[in-house]
Amino acid sequence: MTGPPKPSAIDTATLFDLGGRTALVTGGSRGIGRMIAEGFLQAGATVYISSRKAGACERTAAELSAAGPCHALPANIADDADRARLAGALAERIPRLDVLVNNAGAAWGAPYDEFPESGFRKVLELNVTALFFLTRDLTPLLAASATPDDPARVINIGSMDGLRAPTVLDNGTFPYSASKAAVHHLTRSLALELAPRHITVNAVAPGFFPSRMTEASIERFGAEIERRCPLRRIGRPEDMAGAAIYLASRAGAYTTGAVIPVDGGTSIA
């Protein structure tokens, strides 16, 4: 009988290297999606970004191309036909996909007694339903990349609001917090489903980062947001990029089904 494999030397110089990997980042034209896309490019990946507005998607891809090969694939993933078109267009361009970042999302805030049903449904449709079906549609491309030692990766962007009940600072965002809690649990379900295909599935739960979605809250409550955060600040691009690079790189190859808060401790305060 042979014993367990001998440990190999840890090559820290390449542990977080994404050279040779190809990633798709939905909602990649701004905010957290752009932070992740830029981080991936600087770590050596080829990145495709998708967002609903074609002009913004193409402008961001052109700007980020200074850091590495970045390509625009505009699509509204909440629309079934457009989501299928995105998956088909990606398959025409690349034979395999190493990393899928499900970042596209929406929020809607309104008083409890006045919350519109259309807004509630829109948030759940994009944040949960579209995420599931895009992942399913792209599973063949992910499986084509996957090996036992180097799995393909799915990274879902949840939220600290999926880890705790909303506060007054969240301004009545009932479906948003519910949808992000669903994303976290769906992440665990998909991790079990896709593990036999050598695909890891994890989620990042961001706190407040500068983006169009958080702009009004930060402008109105910025001082209070920082006071409630144990680390006393709002997130920075490198905070988000670092977590995503970890999950996408060799460093994160044995992590699956995890929900990683990147919120300065706010969700546990």
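Distance between the pseudo-spin-label points of E226 and K53 (7 Å out from Cα toward the beta carbon): 2.8 nm. Ordering 12-21, 117-126 by mean Cβ neighbour count within 10 Å, with the highest value first, yields 117-126, 12-21. Peptides 84-92, 233-241, 258-266, ordered by how many other C-beta atoms sit within 10 Å of their residues on average, highest first, read 258-266, 233-241, 84-92. Loop-resident chymotrypsin sites (Phe, Trp or Tyr not before Pro) (DSSP state other than H, G, I, E or B) in the range 195-267 with no more than 12 further Cβ atoms inside 10 Å of their Cβ: Y254. The magnitude of the dipole of the chain, with charges of +1 and -1 set on the Cβ of Lys/Arg and Asp/Glu and taken from the Cα centre, is near 240 debye. Here the spin labels are modelled as points 7 Å beyond Cα on the Cα-Cβ line, and at T12 and A91 they lie 4.3 nm apart.
Going toward the positive end of the dipole of the chain, with +1 on Lys and Arg Cβ and -1 on Asp and Glu Cβ, which of L186, L41, V25 do you reach last? Checked the options; the winner is L41. Note on the range 234-269 and the range 78-97: Cα centroid distance 27 Å, given to the nearest whole angstrom. Spin-label model, Q42 to A81: label points 7 Å out along the Cα-to-beta-carbon direction sit 4.1 nm apart. For the pair D149 and A67 in one chain, pulling the backbone fully straight at 0.36 nm per residue adds 26.7 nm over the alpha carbon distance.
To the nearest 0.05, what FRET efficiency results for T255 and A165 with a Förster distance of 25 Å applied to their C-beta separation? That gives a FRET efficiency of 0.40.
Counting charges near A223 (Lys, Arg +1; Asp, Glu -1) among other residues having Cβ under 15 Å from its Cβ returns a value of +2.
For the chain, the longest principal axis of the alpha carbon atoms and the long axis of helix 54-64 meet at an angle near 60°.
So what's the back-of-envelope 222 nm ellipticity for the chain, counting only DSSP H runs of four-plus at -39500 (n - 2.57) apiece and dividing by all residues, rounded to 500? Theoretical 222 nm ellipticity from helices: -12500 deg cm²/dmol.
Values quoted throughout were computed directly from the atomic coordinates according to the rules given, and no laboratory measurement underlies them. What you see is a predicted model, and the numbers here were worked out from it, not measured in a lab. Counting neighbours? That spans all protein chains shown, and the Cβs are built from the backbone with ideal geometry, glycine included.
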